[in-house]
1. Quick one: which strands (runs of 3 or more DSSP E) sit completely within the stretch 241-352 and have at least 1 residues that are over 21 Å from residue 63 (Cα atoms) and in contact with a strand residue (DSSP E or B) (Cβ under 7 Å, 6 or more places away or on another chain)?
2. Is there a residue in the stretch 182-189 that is more than 16 Å from residue 213 (Cα to Cα), free of Cβ contacts under 8 Å to residues at least 60 places away in the same chain and outside any loop (DSSP other than H, G, I, E, B)?
3. Look at the stretch 80-105 and say how many of its residues are outside any helix (DSSP H, G or I), at pLDDT below 65 and either buried (at least 21 other Cβ atoms within 10 Å of the Cβ) or of a type in the set (S, T, N, Q) (or both).
4. Across the stretch 119-164, which residue is modelled with the highest pLDDT among those that are among the basic types (Lys, Arg) and either surrounded by 14 or more Cβ atoms within 10 Å (Cβ to Cβ) or in a helix (DSSP H, G or I) (or both)?
5. Testing residue 397 on (1) among the small types (Gly, Ala, Ser); (2) within 23 Å of residue 59 (Cβ to Cβ); (3) out of contact with any Ser or Thr (no Cβ under 6 Å at 6 or more places or on another chain), one condition comes back false. Which one is that?
6. Applying the selection to the stretch 225-260, what residues are without any contact (Cβ under 8 Å) to a residue 60 or more places away in the chain, basic (Lys, Arg) and closer than 19 Å to residue 318 by Cβ?
7. Select from the stretch 106-118 the residues that are among the polar types (S, T, N, Q) and part of a loop (DSSP other than H, G, I, E, B) and write down the one among them that is farthest from residue 80 (Cα to Cα).
Amino acid sequence: MQIGVVGKPNVGKSTFFKAATLAEVEIANYPFATIKPNSGVGYVKINDAAVQFGKTSNPREGFVLGKSRFVPVQMVDVAGLVPGAHEGKGMGNQFMNDLSQADVLIHVVDISGSTNDKGEQVDPPSHDPADDIKFLEEELDYWILALVKKGWDRFSRGMQQTHIEAHIAIAKHLSGLGCKEELSKKIIEKLNLKGKHMIDWDDDDLMDIAKEVRKETKPMIIACNKIDVKGAEENYERIKKQFPDYTMIKCSAESELALREAAKHGLIEYIPGASTFEIKGNMNEKQKAALGFIKENILGKHTSTGVQNILDTAVFEVLGYIAIFPGGVAKLEDSEGRVLPDCFLMPPNSTTLDFAFRLHTDFGKRFIRAIDVKTKRAVGKEHRLIHEDVVEIVADA
């Protein structure tokens, strides 16, 4: 799974990425500070399942803070984009290529309206953030349309001659975007294209396909950044009503980055996503003032900086993934004594058999049964897993 962080230059996109990953990236107050994509590891927050057994887990990957466990996810911060990106303007072509493998997008928007369409600083709230949401949709639609139309005439004729069904052909044509046969079939039926030969599909038909592919393969959550700036709250309430189909979450990436850096250097104790922090080390007056501002104006007003909430929502709500722990009824520890060392993020509707194959192909092929470690109940291969299950797989030797 990969999370793509996207947005115009100068909206706080790279700050958001650094806050989520603590990766070393360039953050600057000018367009195109990000030229090459930055890859890093972010973490989604779940309950530490070991707590229910009176223990604390020892993750092989990720970490535990308090009663929360943080599970790694791959993130990529792509080059900032401007209107006309699909035509190659700005870093457009590179942006589109870097984005192709992303499963979900976090669109960082300057909700205060202090960044214009070129990524330049302007007085808030002189720019309308709604334009940013519309333009990203449009850029993605035209990018996917270009992929659809690439070699389309020859491709559609070839498919007609071989009598391959349209949904199979489209899935093959757009496999690079993760468009599978089931999805392409759903789109073709939705657009009433089933009774029409592919060779007769016009530009409007192809654009409609591109839009549906974008919605399905590049689902998006809106990170409403710079929520503490004048005019941001009013913009947020208006934009939320204007785009009811999007999940929108207020955030202050700059505040989250400051808190994580302070925690990293032992100045405070802070759990990402929390509504407060505890001062632990000595600080100068400037540091105290900065943290005081965050405590009063961000955490006090919005309960969190929003960054962790956005990551969690993208993975667990937008994508619908679930976190599953492999464990044993008799013993939660591995051979090295680590408690529940592993945790896997599984797609929605995953079964125990799916999980067995995820652990090892042999477990899937030799599957006998699974055991819900929390209830000690035996379940079959078609049993649907739920978020934060602890599962033991029993397989034939």
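1. Filter on the stretch 241-352 gives 247-250.
2. There is no residue in the stretch 182-189 that is more than 16 Å from residue 213 (Cα to Cα), free of Cβ contacts under 8 Å to residues at least 60 places away in the same chain and outside any loop (DSSP other than H, G, I, E, B).
3. The qualifying residues number 2.
4. 134
5. (2)
6. The one that is without any contact (Cβ under 8 Å) to a residue 60 or more places away in the chain, basic (Lys, Arg) and closer than 19 Å to residue 318 by Cβ: 240.
7. Taking the candidates together, the pick is 112.
Rundown of residues vs (1) of a type in the set (A, V, I, L, M); (2) closer than 30 Å to residue 218 by Cβ, yes/no style:
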{"residue": "246", "(1), (2)": "no, yes"}
{"residue": "254", "(1), (2)": "no, yes"}
{"residue": "263", "(1), (2)": "yes, no"}
{"residue": "294", "(1), (2)": "yes, no"}
{"residue": "315", "(1), (2)": "yes, yes"}
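The values are calculated or read from the model by the stated rules, or taken from the named source; none is laboratory data. All figures in this text were calculated on a predicted structure; none of them were measured in a lab. Backbone-built Cβ (ideal geometry, glycine too); neighbour counts: all protein chains shown.
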